[in-house]
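Engineer: One structure follows; several queries about it will come next.
The values are calculated or read from the model by the stated rules, or taken from the named source; none is laboratory data. This is a predicted model, so every value here is computed, not measured. Every residue, glycine as well, gets a Cβ built from its backbone with ideal geometry; the counts of neighbours run over all protein chains shown.
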Amino acid sequence: MTDETKKNGPDASATETTTEAAASAEYEAASEGAQANPDPLEAIRAENAELRDRFLRLAAEMDNLRRRTERDVKDAKSYAVTAFARDMLSVSDNLRRALDAIPADAKDNGDAGLKALIEGVDMTERSMLSALERHGVKKIEPEGQKFDPNFHQAMFEVPNPNVPNNTVVQVVQAGFVIGERVLRPAMVGVAKGGPKADAAGEPAAQDSNA
């Protein structure tokens, strides 16, 4: 035995080991207790962060819902008369056909009764188109413009070397739009054989050496 062993007795080393083990156990228990019972302030902060995230998500969903509702209401107001307007266009077409069927000399040399009838039909047609326009229905004026398949329906081609190719030169039936949608495409005749139009719709310059 060493002098230290003689001084402290044979169980001194075992006692120290037991003390260290007890201290380690107490430390682990304290750590587990800290994990099991977290800081109340940290718990409140975490809960607040979660509630804030939920609030932001809900606010975003409500904003999207509001925008969709506003768009749906606007579309309903703009396009509610679509079916009615399309039916009224048939009436307008018949009025225009009636006016076009009257010979020019009859319009100029007819009696007062005929002239009054022609004027009444013409006023009725213009009044109907004006009423439709107040509800967002507008007439397409395509003559002289470049053919656009989104708004025009080509019925035939007209050989004409004096205007750019694919230019609308004749309107068979007027087209109409309601809001940003096509209510009825314009039925048109387009030029064929003229110079090609550039991107801006102007005829391309002719080659000076041609």
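Engineer: Is it the case that Ala191 is more than 30 Å from Asp87 (Cα to Cα) and at pLDDT 90 or above?
Structural biologist: Answer is yes for this residue.
Engineer: Further question: Suppose we filter Asp53, Asp93, Asp100 for residues that are of a type in the set (Asp, Glu) and modelled with pLDDT under 90; which single one remains?
Structural biologist: The match here is Asp100.
Engineer: How many residues does segment 61-106 hold that are of a type in the set (Lys, Arg) and touching a helix residue (DSSP H, G or I) at 6+ places or on another chain (Cβ under 7 Å)?
Structural biologist: Counting residues in segment 61-106 that are of a type in the set (Lys, Arg) and touching a helix residue (DSSP H, G or I) at 6+ places or on another chain (Cβ under 7 Å) gives 1.
Engineer: Can you find even one residue in segment 61-78 that is over 19 Å from Leu129 (Cβ atoms), modelled with pLDDT under 90 and exposed (fewer than 10 other Cβ atoms within 10 Å of the Cβ)?
Structural biologist: yes
Engineer: For segment 83-112, name all the residues that are closer than 18 Å to Arg181 by Cα and surrounded by 15 or more Cβ atoms within 10 Å (Cβ to Cβ).
Structural biologist: Those that are closer than 18 Å to Arg181 by Cα and surrounded by 15 or more Cβ atoms within 10 Å (Cβ to Cβ): Ala85, Met88, Leu89.
Engineer: For Lys115, only one of the following conditions fails: (1) without any contact (Cβ under 8 Å) to a residue 24 or more places away in the chain; (2) among the basic types (Lys, Arg); (3) surrounded by fewer than 14 Cβ atoms within 10 Å (Cβ to Cβ). What is its number?
Structural biologist: Among (1) without any contact (Cβ under 8 Å) to a residue 24 or more places away in the chain; (2) among the basic types (Lys, Arg); (3) surrounded by fewer than 14 Cβ atoms within 10 Å (Cβ to Cβ), Lys115 violates only (3).
Engineer: For segment 118-165, how many residues meet the condition of being among the charged types (D, E, K, R), surrounded by 14 or more Cβ atoms within 10 Å (Cβ to Cβ) and outside any strand (DSSP E or B)?
Structural biologist: So the answer is 3.
Engineer: Determine if segment 35-51 includes at least one residue that is surrounded by fewer than 10 Cβ atoms within 10 Å (Cβ to Cβ) and closer than 30 Å to Ala174 by Cα.
Structural biologist: no
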